[in-house]
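Worksheet for the structure shown next.
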Amino acid sequence: MLLLCSFAFFSVVVVGLLQSSGVEATTYYFSANSGSDASSGTSPDAAWKSLNKTDSVSFKAGDSVLLERGSVWYDESVELPHVSQFTLADYGTTSRPRPTIVMSRSAGYAHVD
C-alpha cells in the first residue's frame, strides 16, 4: 500500500513538473489510407501518410505516435524516440484491423530496437 501511494504521489509530481515547465506533448497521426505527407500530422484529418516522417520529428517526453486502424505500410521503417512517457498506439474505428507494417524480404532488413 505504501509503495502504491508513493508511486502515485511521484507520478503526480512528475506530471505537475512537466505541466509547469511549459512542456507540451504533441500527438502525431499516420494514415496509410488517407494521409498526406504535406499535412501537419497533428490531427486525424491532417495525418501523415509515410512512417518515415518520424525521422524529421524531435520527439519530447509525453509525445505520441498514433497509427490508423486498417492502415498497412509496406517496406517502411519508423524511427521511435528514446524519451520518457512516449506512446505508440492506434486510433480509429475499433472494428477495423490493427495497423500493420509489412517488411518484404527484398527490403533487406527489419530492425526493431
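If I stretch the segment between Leu88 and Thr27 completely, what's the gain in nm (0.36 nm per residue apart, minus their alpha carbon distance), one decimal? Walk me through the intermediate numbers first.
Values: separation 61, 0.36 × 61 = 21.96 nm, distance 0.98 nm.
This chain segment gains 21.0 nm when fully extended.
What does the extension gain come out to for Asp45 and Ser64, with contour length at 0.36 nm per residue minus their alpha carbon separation?
Details: separation 19, 0.36 × 19 = 6.84 nm, distance 1.62 nm.
So the chain would gain 5.2 nm between Asp45 and Ser64.
What's the local net charge at Thr94, with K and R +1, D and E -1, over the other residues with C-beta under 13 Å away? Please list the in-between numbers first.
Details: positive: Arg69, Arg96, Arg98; negative: Glu68, Asp90.
Surrounding charge for Thr94 is +1.
Rule-based calculations on the coordinates, nothing more; no lab input. Just so we're clear, the structure is a prediction, and the values are computed from it rather than from any experiment. Don't worry about glycine lacking a Cβ; one is built from the backbone with ideal geometry, like all the others, and counts go over all protein chains shown.
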